[in-house]
Amino acid sequence: MRTKRLLQKKLLKRIFTEIERAILEDIIQQFGVAFQNAWRDIADMDVSLDSMETNSQLIQSISPNEPVSLITFEIELLGNTSFLNLCIPYIFYESMLEKLSFRNWFHSGKEADASDQDHLEKSLQAVELNVEVTLGKTELSLENFLQLELGDIVPLQKRTSDPLILSIEKQPYYLVKPGILEDQMAVEVLQDIGGNQD
């Protein structure tokens, strides 16, 4: 009886709820948009989701002898790591083999137009960047570090009147002054140093 319950529980876990299916459909549609954008310089595509099958036994696969491109993505979500495979059969490429040659790829003669520029700007605006402000630096011996206690003061190699460095993705870009804005710590940009500390 216990074995039967465990088997039923395992079978229930394999069935996606309506919410899970909706989330999966949204993710797959986003993959479709990314796929379409990746191929836009080679071929105009209209990628859409026709259907979704969650039962692996009902999936119609291509012949085992058919050549394919298999792209594997490593996905990390909430501390769990898994893989996602994207399989593209050779017949997908057949109609565009000429466009995939190195000669056409690098010497297509196509120049970027205003729509390409707008598309690139819109894509870049959503990119998240890591922004850090360095308060100061110092050097400590391992002995002193191990003896640090609550309330100890560590002097930094910087005067309080010196501007701080704001870095974007570990590259210094601005000199800033610390302050407070609406009860939150903030910085005021003083000077653009364009990725150089000098």
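Would it be correct to say that Pro172 is surrounded by 12 or more Cβ atoms within 10 Å (Cβ to Cβ), in a strand (DSSP E or B) and more than 26 Å from the chain's Cα centre (by Cα)?
When the stated conditions are applied, Pro172 does not pass them.
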Margin query: Please go through segment 42-93 and give me each residue that is at pLDDT 80 or above, over 27 Å from Glu20 (Cβ atoms), among the small types (Gly, Ala, Ser) and part of a loop (DSSP other than H, G, I, E, B), ordered by number.
Written below: none
Check: Restricting attention to segment 103-150, and to residues there that are modelled with pLDDT under 75 and part of a loop (DSSP other than H, G, I, E, B), which single residue is nearest to the chain's Cα centre (by Cα)?
Finding: Ala112
Item checked: Candidates Ile153, Ile180, filtered to the one that is open to solvent by 70 Å² or more (accessible area, probe 1.4 Å), outside any loop (DSSP other than H, G, I, E, B) and at pLDDT 85 or above -> Ile180
Check: Which of the residues belonging to segment 49-66 are within 22 Å of Tyr90 (Cβ to Cβ) and open to solvent by 70 Å² or more (accessible area, probe 1.4 Å)?
Finding: Asp50, Ile59, Gln60, Ser61, Ile62, Pro64, Asn65
Margin query: Contact list please: Cβ distance under 9 Å, first residue in segment 162-184 and free of Cβ contacts under 8 Å to residues at least 12 places away in the same chain and farther than 14 Å from Gly136 by Cβ, second residue among the β-branched types (Val, Ile, Thr) and surrounded by 13 or more Cβ atoms within 10 Å (Cβ to Cβ), pairs at least six apart or on different chains.
Written below: Gly179/Val187
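The values are calculated or read from the model by the stated rules, or taken from the named source; none is laboratory data. All figures in this text were calculated on a predicted structure; none of them were measured in a lab. With ideal geometry, Cβ positions are generated from the backbone for all residues, glycine too; neighbour counts draw on all protein chains shown. For accessibility, only protein heavy atoms count, side chains too; no ligands or nucleic acids. Shrake-Rupley method; radii C 1.70, N 1.55, O 1.52, S 1.80 Å.
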